[in-house]
1. Among the residues of region 109-161 satisfying the criterion of being among the aliphatic types (A, V, I, L, M) and in contact with an Asp or Glu (Cβ under 8 Å, 6 or more places away or on another chain), which is modelled with the lowest pLDDT?
2. Let me spell it out: the conditions are (1) closer than 24 Å to PHE100 by Cβ; (2) crowded, with 16+ Cβ neighbours inside 10 Å; (3) touching a Pro at 6+ places or on another chain (Cβ under 8 Å), and LEU160 meets all of them except one. Which number is the exception?
3. Within the set of pairs 6 or more residues apart or between chains, which connect a residue that is without any contact (Cβ under 8 Å) to a residue 24 or more places away in the chain inside region 40-52 to a residue that is open to solvent by less than 10 Å² (accessible area, probe 1.4 Å) and part of a loop (DSSP other than H, G, I, E, B) with Cβ atoms less than 9 Å apart?
4. List pairs: first residue in region 108-129 and open to solvent by less than 60 Å² (accessible area, probe 1.4 Å), second residue basic (Lys, Arg) anywhere in the structure, Cβ distance under 6 angstrom, at least six positions apart or on different chains.
5. With (1) open to solvent by less than 60 Å² (accessible area, probe 1.4 Å); (2) not in a strand (DSSP E or B) as the list, and ARG169 as the residue in question, which single condition is left unmet?
6. Which of the residues spanning region 27-57 are of a type in the set (Val, Ile, Thr) and surrounded by fewer than 22 Cβ atoms within 10 Å (Cβ to Cβ)?
7. Take LEU139 and decide whether it is hydrophobic (A, V, I, L, M, F, W, C), outside any loop (DSSP other than H, G, I, E, B) and either free of Cβ contacts under 8 Å to residues at least 24 places away in the same chain or open to solvent by less than 60 Å² (accessible area, probe 1.4 Å) (or both).
Amino acid sequence: MIDSSYWDAKFDVEEFIYTKDVNRFVKEYCEPLIQKIGPVGKVIDLAGGEGRNSVWFAEHGWQAENIDFSGKALTKFLAFAEERGVVEKCFANRADATGFESVLTPVDIGVCAYLQIPQEDLMDALYNLIENIKPGGYLMGVWHARENLEGGFGGPQDPLVLPTASELREFLEQYPLEIEFLGNREGQVQTRDGLKPSTTLVLLAKLNKQ
């Protein structure tokens, strides 16, 4: 069982494990939303780790709440936000993804990037995230896909923590969500032998107004 002590130890290094660059899919899918919503939006970055996505949102003028259960990761996140001059727009919330209470709710976008946990826990986390998104807001997700086990590189090797599009679709059907994209995208991971292909599951859905 992986707990916060595992992640605290992993993040307790000087370098940024997942770099300081926003995830390419978060940028691709959320940049148009930022332009649409404007510079006064709010986002939850669930399991945001060292904060590369949160800081990117803050640099666009948004309030960004990074919810993670690693105190070490959140310390690095706030230092990174200070370095980039956006710390006043960044909020660190140490909590478990399956049982958090947001400080910014309701938000315009809820991001869940690479939260690779067992399906039941992931659905609990997504339920919590959806509950904190305002009507008309968006849910955006990125995961190593289960299909990545077949010829892909990187990511967990346990199929139980690798979601599929069909599983997510079945879960999301119970909510008033309009799915704008849900499927696998071709990604790349850096290895000692250069860039290798990977299979990434990406989700973008709009929460319908009620």
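1. Pass one, region 109-161, residues among the aliphatic types (A, V, I, L, M): 109, 111, 113, 115, 117, 122-123, 125-126, 129-130, 133, 139-140, 142, 145, 149, 160-161.
Keeping just the survivors that are in contact with an Asp or Glu (Cβ under 8 Å, 6 or more places away or on another chain) gives 111, 113, 133.
Values: VAL111: 98, ALA113: 95, ILE133: 98.
This residue is ALA113.
2. All conditions pass for LEU160, except number (2).
3. These pairs meet every condition: VAL40/TRP62.
4. Cβ pairs passing all conditions: ASP108/LYS42.
5. (1)
6. Taking region 27-57 first, the residues of a type in the set (Val, Ile, Thr) are 34, 37, 40, 43-44, 55.
Correct list: ILE34, ILE37, VAL40.
7. Values: hydrophobic (A, V, I, L, M, F, W, C): yes; outside any loop (DSSP other than H, G, I, E, B): yes; either free of Cβ contacts under 8 Å to residues at least 24 places away in the same chain or open to solvent by less than 60 Å² (accessible area, probe 1.4 Å) (or both): yes.
Judged against the criteria, LEU139 is a match.
The values are calculated or read from the model by the stated rules, or taken from the named source; none is laboratory data. Note that the structure is predicted; figures quoted are calculated from it, not measured. Every residue, glycine as well, gets a Cβ built from its backbone with ideal geometry; the counts of neighbours run over all protein chains shown. Quick note on the areas: whole protein, heavy atoms, side chains included, nothing else; ligands and nucleic acids left out. Shrake-Rupley method; radii C 1.70, N 1.55, O 1.52, S 1.80 Å.
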